[in-house]
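Below: one structure, written as structure tokens.
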Amino acid sequence: MRHERQVELLRRLKGIDPSVPSPLATRSMRNPASHYVDPARFERERLTLFRRMPQLVGLSCEIAGTGANLTANLGGVPVAVVRQADGGLSGFVNACRHRGAPVVAADDGPRPRLACPYHGWVYDLDGELLSRPYAEEAFADAPRCGLRPIMVAEKYGLVMAQLEGEALDVDKALHGAEIEIAPYGLQNYSLVEARETTLSFNWKLVLDTFCESYHIRALHKNSIAASYLSEVSICDTFGPHPRMIGLLKSVLREIENPNEAEWSFLPHTTAQLIFMPSGLITYQRDHIELWRLTPLAVDRTLVRTSLYAPLAPTTDKTRDYWRKNLDLLLDVTGREDFPLMAQIHQSLTAGAIDELVYGRNEPALIHLHSSINEAIDSPASS
Ligand code: FES
Ligand SMILES: [Fe+2]
């Protein structure tokens, strides 16, 4: 993030009382509990949000060389994105045109061609069918189809994919968030490690975890509450995407310095852009984290958390340093946030409450759910 932008954001904190909630949304919001637990609603979300909207599937740096690939699941449909020899990207539905087996396995290394593991059909990196070994004759009267293409785009070090709908354009998809994302220089980072887990609750509860700092004081009283502000954060919105910056208490001392040119932002902040619907990019002091959500069912969400460092770790010491960072992050969410989310999901399923209330002190949460509801309920989505 450029220094002027950092100063501009920090200036908003001048004169605030850290015990008074800010910023405040214009009004609170009530959201029906059914939005989290109704299977019919979930199906509409998969079709509308996860198939027709751009999805963040990874960072450019993790598919750098020819044949390097990423897999994802867009609204239930498996897809793969593959780096081409000319440096561009191709994306396709990851299902063999013979009998549907996935042609690219998750975390496959770079490869010169794509070979289906079932009967060995071979596809070029752009999805064109090259051969049906030992059986060309047997399939001579059947259509010769390549893998079904999908839309992919890459810019600012972000890789996006989309299954249906309007043409995919990264700038359009970011809605102005590039003002903060572009200067991160994500294309220069290196993937250190990615971990996957399946959570027993609705995908929106994963995002809710990151959308307000209000819960820090109570839920994280024995972990991060000593260092983070609970009542104050910095919130902005970019189209449907909220961006919330969590603040360490040390930021208050930083902005006491009358010389703004000396202000530093990174040691005191955690900037989180929720890329609606399925991603979260966190810019955290010395590294980047990416959370990718794959809703598997109304009550089951696959979450992949990746940590990227500005330089590829080359020694055990640096690898260990980054691993500990990821351990720490997943320890707090895994021990304190997510078990509670699972309990909330169970309560909502049982009809314990019929609606949730998002307070004016939770503006990013209000924005996220307003955006989701608008996308689902707009006439264009039906
Ligand atoms: S399903 Fe792929 S070769 Fe048969
Ligand atoms: Fe939390």
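The values are calculated or read from the model by the stated rules, or taken from the named source; none is laboratory data. Only a predicted model underlies this, so the values are computations on that prediction, with no experimental measurement involved. Positions of Cβ are backbone-derived with ideal geometry, glycine not excepted, and every protein chain shown enters the neighbour counts. Protein only, heavy atoms only, side chains kept; ligands, DNA and RNA dropped before computing areas. Shrake-Rupley method; radii C 1.70, N 1.55, O 1.52, S 1.80 Å.
Heavy atoms of the protein chains alone define the surface here; on that basis the chain has 45 Å² accessible area per residue at 1.4 Å probe size.
For the pair the range 190-206 / the range 109-127, the C-alpha centres are spaced 28 Å from each other.
Compared with the alpha-carbon gap, the fully stretched path from Gln84 to Ala352 is longer by 91.3 nm at 0.36 nm per residue.
Report, to the nearest whole %, how much of the accessible area of the chain belongs to carbon and sulfur atoms, 1.4 Å probe, protein only. Ligands and nucleic acids excluded, carbon and sulfur reach 52 percent. Ordering Leu307, Leu266 by accessible surface, largest first, gives Leu266, Leu307; the 1.4 Å probe counts only protein heavy atoms, with every chain in place. Mean sequence separation of contacting Cα pairs (under 8 Å, at least six apart), scaled by the length of the range 55-167, corresponds to a relative contact order of 27 percent.
On a 0 to 90° scale, report how tilted helix 316-332 is relative to the longest principal axis of the chain, with both axes built from alpha carbons and the result rounded to the nearest 10. Taking Cα atoms only, the helix is inclined about 70 degrees.
Please find, in a Gaussian network model of the chain (springs between Cα atoms separated by less than 10 Å), the residue of Leu368, Leu219, Leu125 whose mean-square fluctuation is greatest. Top of the fluctuation ranking is Leu219.
Between Gln187, Gln55, Gln272, the GNM of the chain built on Cα springs shorter than 10 angstrom shows Gln187 fluctuating the most.
Taking every protein chain into account, the 1.4 Å probe leaves Asp337 with about 10 Å² of accessible area, to the nearest ten.
Backbone phi angles across the range 277-291, fed through the Karplus curve with coefficients 6.51, -1.76 and 1.60 (θ = phi - 60°), yield HN-Hα couplings of x, 10, x, 9, 10, 10, 9, 10, 6, 10, 7, 10, 10, 10, 10 Hz in residue order; Gly and Pro are listed as x.
Note on the chain: GNM, Cα springs under 10 Å; of Glu43, Glu164, Glu256, the largest mean-square fluctuation is that of Glu256.
Sort Glu362, Glu178 by accessible area with a 1.4 Å probe, largest first.
Details: Glu362 20, Glu178 45 Å².
Accessible-area ranking of Glu362, Glu178, largest first: Glu178, Glu362.
Please give the helix 363-377 orientation as an angle from the longest Cα principal axis of the chain, in degrees from 0 to 90, rounded to the nearest 10. Once rounded, one gets 40 degrees. Taking 0.36 nm per residue of separation and subtracting the Cα-Cα distance, full extension of the segment from Asn373 to Glu193 would add 61.4 nm.
Heavy-atom accessible surface of Ile255, to the nearest 10 Å², is about 10 Å², with a 1.4 Å probe and all protein chains retained.
Per-residue surface analysis assigns Tyr308 an accessible area of about 0 Å², computed on protein heavy atoms at 1.4 Å probe radius. For the chain, the relative contact order works out to 23 percent when only alpha carbon pairs closer than 8 Å and six or more residues apart are counted.
Of interest is the spacing of the C-alpha centroids, which for the range 301-365 and the range 13-72 amounts to 13 Å.
With pairing defined as another cysteine C-beta under 4.7 Å, the cysteines of the chain that fail it are Cys61, Cys145, Cys211, Cys235.
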